[in-house]
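The values are calculated or read from the model by the stated rules, or taken from the named source; none is laboratory data. Note that the coordinates shown come from a computational prediction; the quantities given were computed from them, not determined experimentally. Every residue, glycine among them, receives a Cβ derived from its backbone with ideal geometry; neighbour counts consider all protein chains shown. Only protein heavy atoms, including side chains, enter the accessible area calculation; ligands, DNA and RNA are left aside. Shrake-Rupley method; radii C 1.70, N 1.55, O 1.52, S 1.80 Å.
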Amino acid sequence: MNGKFITFEGGDGVGKTTQVALLADALKSMGLTVKTTREPGGDVVGEKIRNLLKSCKPSDMDPLCEALLMFAARRDHFVKTIKPLIDKGYFVISDRFYDSSLVYQGVLKKISFEDIMTLKKITIGDFEPDLTIVLDVAPSVSIERLSMRKLILDEYDLMKKNEHDLIRKGFQKTAEIFSFRSVVVKAAGSEQKVFSRIMKIVQERIFR
Ligand code: TMP
């Protein structure tokens, strides 16, 4: 089977990291070669850029500078990790990809859709995921999950409820725009329940 690229998107605290791990285990148990990764990050350069981003208060950073750093990390991640592994037949699963830039730097930080798509075109060209799972949950649930997960929340986590709302709507919109590759999955309920919804979609979209 050819390599595939599956991305998980959604606001903070929707459960992406858990679901990425569950999907990776399921695909491995089917005999597939799987690599999980994340953005910003994924390899040496990306993780350094992630540390830089996380060490600055988002409010201290110019939004375009932030977007350029996200796409710089993405370019390196794409060229050195994602593309070579897909070419080798891997199933690469990423916790976030460029939809996150459209929502966080676009919707939240007001960089235009066109400008984000220009950065996308320059850095990764026409490349698109084979499938994007958009995890969708009410902000009250994601805020509660975040506060249970960490004692110390960084500034990305400490967004106000109206920002969680904007982010949620932003991802619903990207799922609509990129409906050829995106499916919105209700992320309320137990991890296993959410995972069975995801697995059904993966079966339909990837193994049909
Ligand atoms: P996380 O990996 O713990 O979810 O943290 C990454 C944070 O970075 C998250 O709040 C979303 C943000 N982010 C962007 O603002 N733009 C991007 O393009 C990506 C990939 C992440």
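Mind listing just one residue for me: the one in region 105-118 that is in contact (Cβ under 8 Å) with a residue 12 or more places away in the chain and touching a Leu at 6+ places or on another chain (Cβ under 7 Å) and, of those, surrounded by the most Cβ atoms within 10 Å (Cβ to Cβ)?
Ile116
Out of region 43-63, which residues are more than 12 Å from the ligand (Cβ to nearest atom), of a type in the set (Val, Ile, Thr) and within 26 Å of Ile111 (Cα to Cα)?
Matches in region 43-63: Val45 only.
Inside region 181-208, can you point out the residues that are without any contact (Cβ under 8 Å) to a residue 24 or more places away in the chain and not in a helix (DSSP H, G or I)?
Gly189, Ser190, Phe207, Arg208
Of the conditions (1) on the phi < 0 side of the Ramachandran plot; (2) open to solvent by less than 40 Å² (accessible area, probe 1.4 Å); (3) away from the ligand (no atom under 15 Å from the Cβ), Gly125 clears all except one; give me its number.
Here Gly125 clears every test but (1).
Hey, could you check region 19-37 for residues that are surrounded by fewer than 15 Cβ atoms within 10 Å (Cβ to Cβ) and assigned to a helix (DSSP H, G or I) and say which is farthest from the chain's Cα centre (by Cα)?
Top of the filtered list is Ser29.
Just one of (1) within 10 Å of the ligand (Cβ to nearest atom); (2) out of contact with any Ser or Thr (no Cβ under 7 Å at 6 or more places or on another chain); (3) open to solvent by 50 Å² or more (accessible area, probe 1.4 Å) trips up Pro40, so point out which.
So Pro40 meets the others, but not (3).
Going by the structure shown, is Phe195 closer than 23 Å to Ala73 by Cα, crowded, with 16+ Cβ neighbours inside 10 Å and more than 15 Å from the ligand (Cβ to nearest atom)?
no
Return the pairs, sorted by first residue and then second, in which the second residue is of a type in the set (S, T, N, Q), the first residue lies in region 64-91 and is farther than 17 Å from Gln105 by Cβ, the beta carbons are less than 6 Å apart, and the residues are 6+ apart or on different chains.
Close Cβ pairs (under 6 Å, with a partner that is of a type in the set (S, T, N, Q)) amount to Tyr90/Thr33.
Could you please give the count of residues in region 80-106 that are part of a helix (DSSP H, G or I), among the polar types (S, T, N, Q) and more than 8 Å from the ligand (Cβ to nearest atom)?
Matching residues across region 80-106 total 1.
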